[in-house]
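A.B. asks: Pasting a structure below so you can have a look.
The values are calculated or read from the model by the stated rules, or taken from the named source; none is laboratory data. Computed from a prediction, not measured in an experiment: that's the story for all the values here. Here the Cβ positions follow ideal geometry from the backbone for every residue, glycine too, while neighbour counts run over all protein chains shown.
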């Protein structure tokens, strides 16, 4: 289950406990407390059971108030409950669970998918074959495990503000597939313990602990159970870095990071090898080399790849480590034009053991960039030790030893062409992108020329396929089959079931100078499933083969044989320039060792080189032959000098920084960020004199990512600012800049990843991958599910869009005092009952859904207009276009609508759509008009002015509502638990740059909406002149800020400023990206949609 959605279920459970009238017996109760732990009794709410026939099977949906489903799709869905248990800092907590009495729930069969019975949308999204395949799994087999599963499912250490907590998940419902009987526990007793004695702080109130006082028993409004302990201790990790002479000493004390108190130059490299930097290269980056002592040059780097999410920011997951280099001509204290800085680099992509010392054998690939960052600096510091230089080892072949002329070599083949983020296995690298899509009957050849291969040698192959979909037929016909052919001969075959990975292994085939690998998905007939369709995706393949030690362009990389030990002679041939080549031991890429005194052979090129080394069995040494003459220039050489602006924090590590409202912006959007900062500095709800700061992504990447910008670097920066910025820790965070799910531009659309979003969420119960900015608010380590910051995003793609958002939308909206007529109009759209040339099994469900919204959810004063595709004729016999519906839709938008709602099918074989998601004739038009959804947050702040720390609680809408992929319309699905008022809470609006109390029917300081008065209803043109607005009509006053038009008097669209769409091309243009919280239009002649 996703972390944000589990957080919602946790809050719902405590709301159930807090609202039970029976008092003490209905809430978790602390039974006893000692210095090394305590005992808690947790009552289990009464389960609710709904049984219905689904495709001929009587299936039961068991739910618990405040519970959640977190089992993978296809497994029996038994609800779980989650609670937080307070524990002290500085201990290793453990928890055990003892079940109480059980009560029978009768004979039943649990549903294999969450909400299959209660949510018709889930029912309609699956087929009878899928349900049948789920019920054939071992989890449903009568020969499966019994009902004696332990009630404790998981316990994860986390934090809630200044308190440390254990997030404990219980499964109090049991089901025995052998008998079909289900039981429920009446209570569960938890024993929480640790070894080091720690006394609770009895009597310490919320003012001194930063916690919220309990409301009943031991359950607080912060959702935690148990005695309170001392708050989080202040961090004291790290040592103060050394700064250059004459410079101001920084107050920062921690791991080595880039700081503006000394010069830094970033070197970006893409591939492993030797790199050279000349004085001219530094001059092109704006560095004057005169006066620089080359003996003071140092190069630093961090571990390549994505930052680890589980390492605390104060422990320095991005900390820099010095690399050994060679600086020619450094003895004269002058960096002359002919001098060079040589450094060995690995790049960011490759096998783990090639990237770092002791790295894994897996192939690693970062999500956002293949460029490794190296940091060049000079002068005194930043560490007290002397500048590191490459060591030299004598490798003269003087001993009698066996000669090694070939080694086993491993190569990895992968191309990222097909995007499929939903194929996920927690035990494997998350592929996300695939080489090729195979369908049954396809056979694709991959011509190969293995570098340096010895003809006639024996090779081996590892290939990973991912199956897609299932078939209904039982064994012996599986869901997926794949055959592998090497040079026309079958070398491996395999079959498997379900949407899972399959590794195919082949060995002992003959390697030649050029070979061909063929991958086949055969066409098979299943007599029980005539519609069987097999498709799989190729992720990658690896080949291991004997490679001759022969240099190619005077370069070579290889590893020693792990089974060989003792003294050996490596014999390398194919060398053309004996004066320029270096032979390196690169086992530790940060400290390569040069081998000297090797023996060359041959009167003319190509020459041979013989070197002696002593190796040990086990982890092999790794070597590289490089050439100074062929050393590459780094792909990028950039001096670290971020542009300054009035509100920008020049040094993010400086503890003297402070901000109540923090803007994380891309440097290209600085003008808009400054405009928003100036505006918020004079107007921020809850703060008399708010402090506003801007943190640009180039500074975050350098100081918290080692030069690599990813969501973890941003999250770590926010955690650091919350802990260490002295005057004021951030309460609101606004992300200014759009994100992309294709940051490496595999698809070729060129979408920019200005401010990345977190894309590693995966919901196993659906299953589906999704993204969320909530990640930036979870600052307390792995398992944290309580938001510490109110986070919002203004997803501008350009400086023009950013300025339109800030000035034309936010500021104009908050300056307006009256309502505009278009705010009281709603547009309802629905798909038809056809699916191209056949009937849609869903019939008129889309129309019925819109009619329910009309009668049950839209308040009376709102004027409705409807565009239902059933009312329009097809334009041709192919049944793919209804242009009249499209024209009407655009005309209604041009008229002005506050609440457009679109009901459309979610399956691939959809029929006509009034919104064209991928225009076939214009590639860049894939960035189209988007739909967006408002999210909800609730924020508690300890006093005005930001004196206390904000604690935000909320949830992302499982990704199916939240961020959308670039270039496609993502269906927005609604979960039953999410059917609630979608009014944005105060934190959402303030974080996005909005006055939290505008247009919500709220007075300053209120957190609940009030009923609109008669005058407000009359202003909407409704009939409420003499009556108060009913509860359902309170949402009349809710106006999404992002729809405020740019231009017009006091924010009102005049006759010439009304949003318009050109019926001929507007929906097929490169439209601006809209937000999960606000919409943006780059000029007043374009409009947005809201769902």
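A.B. asks: Tally the residues that are touching a residue at least 60 places away in the same chain (Cβ under 8 Å), buried (at least 17 other Cβ atoms within 10 Å of the Cβ) and over 22 Å from residue 127 (Cβ atoms), restricting the search to region 833-862.
C.D. replies: 3
A.B. asks: Next question. Within region 722-739, track down each residue that is part of a helix (DSSP H, G or I) and closer than 14 Å to residue 791 by Cα.
C.D. replies: 722
A.B. asks: Tell me, which strands (runs of 3 or more DSSP E) wholly within region 554-609 include 2 or more residues that are over 29 Å from residue 389 (Cβ atoms) and in contact (Cβ under 8 Å) with a residue 24 or more places away in the chain?
C.D. replies: Once the strands (runs of 3 or more DSSP E) in region 554-609 are filtered for at least 2 residues that are over 29 Å from residue 389 (Cβ atoms) and in contact (Cβ under 8 Å) with a residue 24 or more places away in the chain, what remains is 566-575.
A.B. asks: Going by the conditions given, is residue 382 out of contact with any strand residue (DSSP E or B) (no Cβ under 6 Å at 6 or more places or on another chain), loosely packed, with under 14 Cβ neighbours inside 10 Å and under 28 Å from residue 633 (Cβ atoms)?
C.D. replies: No, not satisfied.
A.B. asks: Considering (1) assigned to a strand (DSSP E or B); (2) out of contact with any helix residue (DSSP H, G or I) (no Cβ under 7 Å at 6 or more places or on another chain), say which one residue 637 fails and leave the rest.
C.D. replies: Condition not satisfied by residue 637: (2).
A.B. asks: Give 274, 282, 267 a once-over and let me know the one that is within 30 Å of the chain's Cα centre (by Cα), outside any loop (DSSP other than H, G, I, E, B) and modelled with pLDDT of 95 or more.
C.D. replies: One residue alone meets the criteria, 267.
A.B. asks: Being surrounded by fewer than 19 Cβ atoms within 10 Å (Cβ to Cβ), more than 21 Å from the chain's Cα centre (by Cα) and in the same structural domain as residue 371 (by TED's automatic domain parsing) is true for just one of 333, 324, 345. Which residue is that?
C.D. replies: Going through 333, 324, 345 in turn, the sole match is 333.
A.B. asks: Filtering region 38-60 down to residues that are out of contact with any helix residue (DSSP H, G or I) (no Cβ under 7 Å at 6 or more places or on another chain) and farther than 24 Å from residue 101 by Cβ, which residue is modelled with the lowest pLDDT?
C.D. replies: Restricting to residues being out of contact with any helix residue (DSSP H, G or I) (no Cβ under 7 Å at 6 or more places or on another chain) and farther than 24 Å from residue 101 by Cβ, the top hit is 56.
A.B. asks: Right, next: Test residue 291 against the criterion of being out of contact with any strand residue (DSSP E or B) (no Cβ under 9 Å at 6 or more places or on another chain), modelled with pLDDT under 95 and in a loop (DSSP other than H, G, I, E, B), and give yes or no.
C.D. replies: Criteria met by residue 291.
A.B. asks: Still on this structure, I have one more. Does region 333-347 contain any residue that is within 27 Å of residue 654 (Cα to Cα) and out of contact with any strand residue (DSSP E or B) (no Cβ under 6 Å at 6 or more places or on another chain)?
C.D. replies: Looking for residues that are within 27 Å of residue 654 (Cα to Cα) and out of contact with any strand residue (DSSP E or B) (no Cβ under 6 Å at 6 or more places or on another chain), one finds none in region 333-347, hence no.
Residue-wise test of (1) in contact with a strand residue (DSSP E or B) (Cβ under 8 Å, 6 or more places away or on another chain); (2) under 30 Å from residue 120 (Cα atoms).
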position	(1), (2)
60	yes, yes
63	yes, yes
69	yes, yes
74	no, yes
85	yes, no
88	yes, no
92	no, no
96	yes, no
100	yes, no
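A.B. asks: Scan (1) part of a strand (DSSP E or B); (2) under 30 Å from residue 253 (Cβ atoms); (3) more than 31 Å from the chain's Cα centre (by Cα) for the single condition residue 387 breaks and write down its number.
C.D. replies: Single failed check for residue 387: (1).
A.B. asks: Could I ask something else about it? Tell me, which strands (runs of 3 or more DSSP E) lie completely within region 115-219 with 3 or more residues that are modelled with pLDDT of 85 or more, under 36 Å from the mean Cα position of the chain (by Cα) and surrounded by 15 or more Cβ atoms within 10 Å (Cβ to Cβ)?
C.D. replies: Those strands (runs of 3 or more DSSP E) span 152-160, 163-170, 173-175, 187-193.
A.B. asks: Any chance region 437-449 includes a residue that's without any contact (Cβ under 8 Å) to a residue 12 or more places away in the chain, farther than 26 Å from residue 368 by Cβ and more than 36 Å from the chain's Cα centre (by Cα)?
C.D. replies: No - not one qualifying residue is present in region 437-449.
A.B. asks: Being closer than 30 Å to residue 608 by Cβ and in contact with a strand residue (DSSP E or B) (Cβ under 6 Å, 6 or more places away or on another chain), is that true of even one residue in region 350-357?
C.D. replies: Yes: one or more hits.
A.B. asks: Mind checking which strands (runs of 3 or more DSSP E) fall wholly inside region 740-849 and carry at least 2 residues that are more than 17 Å from the chain's Cα centre (by Cα)?
C.D. replies: By residue number, 790-794, 825-830.
A.B. asks: What is the residue count in region 704-721 for residues that are within 24 Å of residue 672 (Cβ to Cβ) and assigned to a loop (DSSP other than H, G, I, E, B)?
C.D. replies: Count: 3.
A.B. asks: When region 530-556 is examined, which residues are found to be surrounded by fewer than 16 Cβ atoms within 10 Å (Cβ to Cβ), over 30 Å from residue 429 (Cβ atoms) and over 38 Å from the mean Cα position of the chain (by Cα)?
C.D. replies: Hits for region 530-556 are 530, 553.
A.B. asks: Kindly check whether there is at least one residue in region 478-487 that is crowded, with 17+ Cβ neighbours inside 10 Å and outside any strand (DSSP E or B).
C.D. replies: Yes, that holds for at least one residue.
A.B. asks: Oh, and also: Looking only at region 673-692, filter to residues that are within 16 Å of residue 792 (Cα to Cα) and over 26 Å from the mean Cα position of the chain (by Cα); which one of those is surrounded by the fewest Cβ atoms within 10 Å (Cβ to Cβ)?
C.D. replies: 685
A.B. asks: Another question, if that's okay. Return the residues of region 646-672 that are farther than 23 Å from residue 715 by Cα and under 30 Å from the mean Cα position of the chain (by Cα); say none if nothing qualifies.
C.D. replies: Listed by number, the list holds a single entry, 671.
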